Amino acid sequence: MSDWIYAIILGVVEGLTEFVPVSSTGHLLLAKELLGLPDGFWDTFVVLIQLGAILAVVALYFAKLWKALTGLPTDPAARRFAFSVLVAFLPAVFAGLAFHDVVKKVLFASPQVICISLVVGGIALLAVDRYAPRPRQRDATQLGWLTALGVGIFQCLALVPGVSRSGATIVGSMLLGVEKRAAAEFSFFLAIPTMAAAFALDAWENRKAIDLNHAGVIGLGFAVSFVVAVVVIRWMLDVVSKRGFALFAWWRIVVGAAGLAWLAMR
């Protein structure tokens, strides 16, 4: 297959999995392994196309985000929202900088770690979906700073590939008393600075590996991930509101178990 086909496949995987609690990184790395793609450019590619998914959140929530941004000087509610996202974002910054090399060179190189994380995370999601405490907060834009900090600490678990950034933040939010839909929406908002920072760091570190010959392939993957993510975000909120997270939990368990079986037979 050509690089263009690989770009479409990985773009679809990114868009489908970035905002649902199934681990986009884990799925992308497993897809890369199944497609037999070499390390180097394709490792950078799977990070760069996440920018398309980030812009999907910005596009869908533009009115709310713009209102918060323009209201910062005068609106206490807007400042509270911005502060909660900042507080939740900071733990991942410190943890990412501290453990970046270990994560990239050790954990990302282990498909077994990804598969095990998928299974364990699926079981955790099933448990929290059923036994989470009664929600006390139902507005994703009005979380207290202690709740936001707790969510941010949970997000650090996603440094382990296969855990899922959205899964970790949603589970953390629900354990801290945030209603399911609000937990998913706060996860979307927190994704913007978190993924933008990861994108910027990886793009800078791999700037020499990216040239104009790759621009078209990256652009295609970016566009595909954006379009698919827009559809998935809308669909996910409806599913979460009506059925919770069981569908995503069982998907994680099935994919993780299948991956372990495939690795054992290689």
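Given the condition out of contact with any Phe, Trp or Tyr (no Cβ under 6 Å at 6 or more places or on another chain) and not in a helix (DSSP H, G or I), answer yes or no: does some residue in region 53-61 qualify?
Looking through region 53-61, at least one residue is out of contact with any Phe, Trp or Tyr (no Cβ under 6 Å at 6 or more places or on another chain) and not in a helix (DSSP H, G or I).
Since ALA98 meets every condition but one in (1) more than 22 Å from VAL239 (Cα to Cα); (2) buried (at least 16 other Cβ atoms within 10 Å of the Cβ); (3) over 17 Å from the mean Cα position of the chain (by Cα); (4) of a type in the set (A, V, I, L, M, F, W, C), which condition does it not meet?
Evaluating ALA98 over (1) more than 22 Å from VAL239 (Cα to Cα); (2) buried (at least 16 other Cβ atoms within 10 Å of the Cβ); (3) over 17 Å from the mean Cα position of the chain (by Cα); (4) of a type in the set (A, V, I, L, M, F, W, C) leaves (2) as the failure.
Take the residues in region 43-81 that are of a type in the set (Ser, Thr, Tyr) and surrounded by 13 or more Cβ atoms within 10 Å (Cβ to Cβ); name whichever of them is farthest from THR141 (Cα to Cα).
Only one residue tops the list, namely THR44.
Do we have any residue at all in region 140-158 that's crowded, with 20+ Cβ neighbours inside 10 Å, of a type in the set (Gly, Ala, Ser), in contact with a helix residue (DSSP H, G or I) (Cβ under 8 Å, 6 or more places away or on another chain) and on the phi > 0 side of the Ramachandran plot?
no
Conditions (1) more than 20 Å from LEU55 (Cα to Cα); (2) part of a helix (DSSP H, G or I); (3) acidic (Asp, Glu); (4) without any contact (Cβ under 8 Å) to a residue 24 or more places away in the chain, marked per residue:
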| residue | (1), (2), (3), (4) |
| --- | --- |
| CYS156 | yes, yes, no, no |
| SER166 | no, yes, no, no |
| GLU185 | no, yes, yes, no |
| PHE188 | no, yes, no, no |
| PRO193 | no, yes, no, no |
| ALA196 | no, yes, no, no |
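What number of residues within region 207-231 satisfy the criterion of being out of contact with any helix residue (DSSP H, G or I) (no Cβ under 6 Å at 6 or more places or on another chain) and either loosely packed, with under 14 Cβ neighbours inside 10 Å or assigned to a helix (DSSP H, G or I) (or both)?
So the answer is 12.
Throughout, read-outs are computed from the coordinates displayed, never taken from laboratory work. Fair warning: this is a prediction, and the values are worked out from it, not measured in the lab. Because the Cβ atoms are built from the backbone with ideal geometry, glycine has one as well, and the counts that use them run over all protein chains shown.
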